[in-house]
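Report on the structure given below.
The values are calculated or read from the model by the stated rules, or taken from the named source; none is laboratory data. As the structure is a computational prediction, the values presented were derived from the model and not from experiment. Cβ coordinates were reconstructed from backbone atoms using ideal geometry, including for glycine residues, and neighbour counts include every protein chain displayed.
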Amino acid sequence: MAHVCPWWGGYFIDNRFRRLLHDPESILTPYVREGMMVLDFGCGMGFFAIAMAHLVGRHGRVIAVDLQQQMLDVLARRAEKTGVGDRVKTHRCEVDALGLDHPVDFALAFYAAHEVPDMRRLLHEISACLRSGSQFLLVEPIGHVTAKAFREILRLAAGEGLQVEARPRVRLSHAALLGKHGS
């Protein structure tokens with residue numbers, strides 16, 4: 001199995017200083033709009049999920065998915081504290097399955113996909129959740145994922161009906177905006 005960041009490590013990567021490197025609103029605003037149903041895979045303690053909850057507004061929802069219940073518990077408390085608790089639904093996935101069948105308008109996997117032991121299955125399950133015409137922003141750290149490995153992930157994504165629409169610039173990262181077209 002791939003290495004999974006321990007839950008307590010979330011405090012080191014989910015902090016205000018990280019905003020200088022990866023500002024969630026700047027990264028997500030081009031893709032997330034009012035009223036959307038969005039998915040944050042590997043949500044951790046909510047660095048992106050809470051920003052997404054603000055962007056989707058009162059009529060939108062965020063499905064925040066993580067393997068570790070402790071991460072989800074911290075996220076739920078943070079979401080409540082920032083006034084978006086009613087917009088965030090936490091979901092604990094399994095090591096080998098996402099376990100979701102709810103259709104979404106946008107999905108995000110930020111620095112999380114490389115921790116999954118079966119990349120093809122993850123991409124298949126995320127693709128199955130995406131509505132036709134929806135987008136999936138995949139971002140991986142250059143320190144953990146080589147350019148060659150990221151190209152392989154994109155090849156697997158294409159096999160699951162996810163086509164590269166853009167290669168947004170995200171600091172110290174490989175990134176691709178994938179679109180799902182057709183059924």
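Structure data summary
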{"item": "Count of segment 116-129 residues which are within 16 Å of Leu156 (Cα to Cα) and buried (at least 16 other Cβ atoms within 10 Å of the Cβ)", "result": "8"}
{"item": "Residue under evaluation His174, criteria (1) assigned to a loop (DSSP other than H, G, I, E, B); (2) closer than 13 Å to His114 by Cβ; (3) not basic (Lys, Arg), criterion not met", "result": "(1)"}
{"item": "Any hit, segment 89-105, residues being more than 15 Å from the chain's Cα centre (by Cα), at negative phi and without any contact (Cβ under 8 Å) to a residue 24 or more places away in the chain", "result": "no"}
{"item": "Some residue of segment 115-129 being in contact with a Leu (Cβ under 9 Å, 6 or more places away or on another chain), at pLDDT below 95 and closer than 21 Å to Arg18 by Cβ", "result": "yes"}
{"item": "Within segment 113-144, tally of residues that are in contact with a helix residue (DSSP H, G or I) (Cβ under 6 Å, 6 or more places away or on another chain), assigned to a helix (DSSP H, G or I) and not hydrophobic (A, V, I, L, M, F, W, C)", "result": "1"}
{"item": "Breaking point among (1) surrounded by 13 or more Cβ atoms within 10 Å (Cβ to Cβ); (2) of a type in the set (A, V, I, L, M, F, W, C); (3) out of contact with any helix residue (DSSP H, G or I) (no Cβ under 6 Å at 6 or more places or on another chain); (4) over 18 Å from Ile27 (Cβ atoms), for Ala147", "result": "(1)"}
{"item": "Test: residue in segment 23-31 that is on the phi < 0 side of the Ramachandran plot, among the hydrophobic types (A, V, I, L, M, F, W, C) and in contact with a Gly (Cβ under 8 Å, 6 or more places away or on another chain)", "result": "no"}
{"item": "Residue, surrounded by the most Cβ atoms within 10 Å (Cβ to Cβ), within segment 48-88, restricted to residues that are outside any helix (DSSP H, G or I), in contact (Cβ under 8 Å) with a residue 40 or more places away in the chain and out of contact with any Leu (no Cβ under 8 Å at 6 or more places or on another chain)", "result": "Gln68"}
